[in-house]
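Reviewing the structure listed below.
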Amino acid sequence: MNRRKFINRTAMTSAGIGLTTILPSKVWSSVSPSDTINVALIGCNSMGFGDLQNHLDIAGVNCLALCDVDENVLNKRSAEIAAKYNQHPKLFSDFRKMLELKEIDAVIIGTPDHWHCLNMVYAVQAGKDVYVEKPMANTIAECSIMVSAARKYSRIVQVGQQQRSGFIFQKAMELIKSGKIGQLRKVNIWANFEYGVGPDIVPDSPVPAGVDYDMWLGPAPKRPFNANRFHGSWRHFWDYGGGLMSDWGVHLLDMGLWTKDLVQAPDKVLTYAANTFPEKRARETFDTMTVSYPKSDFVINWDMTAGLQRGPYDMSYGIAFIGDDATIVANRSKINVYPEWDNDTKKYKAEEYAFLEGTESHKPHAQNFIDCIKSRQQPACPPEYGRAAALHAHIPNIAARVGEPVLLWDDKNNRFTNSEAANQLITPKYRAPWILPKID
Ligand SMILES: NC(=O)c1ccc[n+]([C@@H]2O[C@H](COP(=O)([O-])OP(=O)(O)OC[C@H]3O[C@@H](n4cnc5c(N)ncnc54)[C@H](O)[C@@H]3O)[C@@H](O)[C@H]2O)c1
C-alpha cells in the first residue's frame, strides 16, 4: 500500500449552482494530480457504498459527493467515509444538483433498479463516466436507452456484473473457449435463495423521518409507504425490481452468454413460473421459475427456487457448463472440472481441475473501471453486455406476468412478435414530472 497524504484543496466555486464548497481530496504520494479520479455516489445504503469503498481503495481515487434521499443513510455513510478515509464529501439529496459539480469525473449508481436509467442518462449527459449497478435497468426500453446514451455521449460505462472481473469465471471461460471441455452443449444455472420469497407482510406506515419518499419513488407509481417496498426488499416488487430472476439472473445468465461472447437479446424464451412457496409473503415477483433460452448451437437453462438454500453439487446457486468432454461446475467460491471417461482409451477426456478458495471480483471490477476511465478502452462489462443479460431476465419475467410460456422477441424492431400483452411491458410509464429519456 502506498503511503497516503491528505490535503484539502482551496475553496472552489461550482459553476452553475453558485455553491461554494471545499472539495476534499486525498492525494496518494505516488499519484500525480492529473492522475486522480474524483467519484461520487448516488444511492448509499448497501451495494453502492460497497462499490464506493472498492473505488476509494484504489490509488488516486477521491470521493467528492454522496447523494441519498434518506438523510439517515447519507449521514451514516458520510461519517464512515470521514472515519475510514478522512474525506468529507459534499452531501446531496437530489442527484441532479450533485451532477452540476464539474469536478466529478465518475458517478457510481447504487439506487434501486427503477432509478438506474434516469441516474445514468443524466450523469453521462453531464459528462461523467458511470459505474451502474446491475441489473442495468428495470425494463427493456430503459436498457436500450442506456446503451444509446453511453454511445452518444462517449462515456465509459461499467455495469456491476462483477463476475466478469473475477478469477473463477475468467478461468471457466478460458477452459471453455480453448476447447478443454469439448463442444459446449448446455449451460445449466440454478439459484436457490431463501430471501427470494420476500419478508413477512407488514402494514403501510408513515414515511420515516428524514426520507424524501417521493424522490425514492421517482418515476415509479405513487403509493403509500410500506417498509417492505423500501430499502433492500423493494426487489420483490415489479415497480422497482424483478425478484430473484433479475437480482441473481443477470449475474449468472451473463456467464452463459460469455461462453460464446453473445451480446444479443434472446430471440426465443420458454418460461415456467409459479408461486409455490407455502407462506404468503410481501412479494409480487415469482418464487419458482424454470426458463430455457435456446441458442443456435447450445442451450442456457435457468432453474430458480426461492425459499430454499440448497441445490445441486451442494451449492445454493451455481452453473454447470456441460461439454462433450467435461462439465465445469462453478460459483463465486469454487470451480471444479468433472471430466468424462473414455471407454476406449481408458482415460479421462479432459484434465481434472479444482480451485476452491473463492475470489473477490468487486475490487478488480472497480479497478477495471478506473483503468478504463484513464485509457478510454471498453470496460469488462459495457452497457451492451448489461443489456443482453438484463433482457434475459426481463423477458421471462414478462412471459410469467402475461402468462405466455413461449415469447418471441424481435430485437431489431424492439417488440414481441407473438404477444401484444407482453409488448405493453417493454416501456415503463414514468410518473410526472419524470420523463423517460429520449436519445436520438
Ligand atoms: N453487483 C452485486 O453483486 C449487487 C449486489 C447487491 C445489490 N446490487 C444492486 O445494487 C443496487 C442497490 O441495491 P441495494 O441492495 O444496495 O439497495 P438499498 O435499498 O439497500 O439501497 C438503495 C439506496 O438508494 C437510495 N435511493 C433511492 N432513490 C434514490 C435517489 N433518487 N437518489 C439517491 N438515492 C436514492 C435509497 O435511499 C437507498 O439508500 C440495485 O440495483 C441492486 O440490484 C448489486
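Given the DSSP H assignment, sum -39500 (n - 2.57) over each helix run of at least 4 residues in the chain and divide by its residue total; what's the result at 222 nm in deg cm²/dmol, nearest 500?
One gets -8000 deg cm²/dmol as the mean residue ellipticity at 222 nm.
How big is D, in µm² s⁻¹, for the range 386-432 by Stokes-Einstein at 10 °C and 1.306 mPa s if Rh is the Kirkwood radius over C-alpha pairs?
In µm²/s, the coefficient is 142.
How large is ³J(HN,Hα), in whole Hz, for each residue of the range 345-361 in order, when computed from phi with the Karplus curve 6.51 cos²θ - 1.76 cosθ + 1.60 and θ = phi - 60°, using x for Gly and Pro?
7, 6, 9, 5, 7, 9, 7, 6, 7, 8, 9, 10, 9, x, 9, 8, 10
Leaving ligands, DNA and RNA out of it, report the carbon-plus-sulfur percent of the accessible area of the chain at a 1.4 Å probe.
The nonpolar share, carbon plus sulfur, comes to 51 percent.
Using the 2.2 N^0.38 Å rule of thumb for compact globular proteins, work out how the range 312-404 stacks up: its C-alpha Rg over that value, please.
My calculation over the Cα atoms of the range 312-404 gives 1.52.
Given H placed 1.01 Å from N in the peptide plane, which residues other than close sequence neighbours of LYS268 have an amide H under 5 Å from its amide H?
The list, which skips near neighbours in sequence, is TRP409.
Taking every DSSP beta bridge with both residues inside the chain, roughly what % is antiparallel (nearest 5)?
Among the beta bridges of the chain, antiparallel pairing accounts for roughly 65 percent.
To the nearest 20 debye, what charge dipole does the chain have about its Cα centre, counting +1 at the Cβ of each Lys and Arg and -1 at the Cβ of each Asp and Glu?
960
When you count, for each residue, the other Cβ atoms within 10 Å and take the mean per peptide, how do 375-387, 199-211, 319-331 rank with the highest first?
Answer by packing, highest mean first, reads 319-331, 375-387, 199-211.
Cα axis of helix 167-177 to longest principal axis of the chain: angle in degrees, 0 to 90, nearest 10?
The angle comes out at about 40 degrees.
With the chain treated as a Gaussian network of Cα nodes joined by springs under 10 Å, which of LYS346, LYS84, LYS128 yields the largest mean-square fluctuation?
Among LYS346, LYS84, LYS128, the largest GNM mean-square fluctuation belongs to LYS346.
Specify the inter-centroid distance of the range 334-357 and the range 167-229, based on alpha-carbon positions, in whole Å.
Computed from Cα coordinates, the inter-centre distance equals 33 Å.
If you roll a 1.4 Å probe over the heavy atoms of the protein chains, what accessible area per residue do you get for the range 329-394, in Å²?
I get 51 Å² per residue for the range 329-394.
Give me the one-decimal Kirkwood hydrodynamic radius in Å for the chain, with the sum taken over alpha-carbon pairs.
Roughly 22.8 Å, rounded to one decimal.
Based on Cβ point charges of +1 for Lys and Arg and -1 for Asp and Glu, what charge dipole magnitude is obtained for the range 38-173 about its Cα centre, in debye rounded to the nearest 20?
Around 360 debye, computed over the range 38-173.
Would you count, across the range 50-176, every pair of lysines whose alpha carbons are under 30 angstrom apart, provided the pair is eight or more residues apart or spans two chains?
The result is 23.
With just the Cα atoms defining each centre, how far is the range 364-383 from the range 243-304? Give it in Å.
The range 364-383 and the range 243-304 have Cα centres spaced 27 Å from each other.
For the range 115-173, what is the accessible area per residue in Å² when the probe is 1.4 Å?
I get 21 Å² per residue for this part.
Please list, in chain and number order, the residues 5+ apart from PHE416 or on another chain whose amide H is under 5 Å from its amide H, with Hs placed from the backbone.
Those qualifying (amide H under 5 Å, at least 5 residues apart or on another chain) are ASP410, ASN423.
Expressed as an acute angle from 0 to 90° and rounded to the nearest 10, what is the orientation of the C-alpha long axis of helix 140-152 relative to the principal long axis of the chain?
60
Just to confirm the number: angle between the C-alpha axis of helix 362-375 and the first principal axis of the chain, 0 to 90 degrees, nearest 10?
Its long axis makes an angle of about 60 degrees.
Please enumerate, by chain and number, the aspartates and glutamates with C-alpha under 16 Å from the C-alpha of LYS349, excluding those fewer than 8 residues away in the same chain.
Those aspartates and glutamates meeting the cut-off are ASP324, ASP325, GLU340.
Hey, can you grab everything whose amide H is under 5 Å from the amide H of ILE300? Only 5+ residues off in sequence or another chain; H modelled, so Pro and N-termini drop out.
It is VAL187, TYR293, LYS295, by chain and number.
The values are calculated or read from the model by the stated rules, or taken from the named source; none is laboratory data. What you see is a predicted model, and the numbers here were worked out from it, not measured in a lab. For neighbour counting, all protein chains shown are included, and Cβ atoms are generated from backbone atoms with ideal geometry for every residue, glycine included. Note: areas computed on protein heavy atoms with side chains; ligands, DNA, RNA excluded. Shrake-Rupley method; radii C 1.70, N 1.55, O 1.52, S 1.80 Å.
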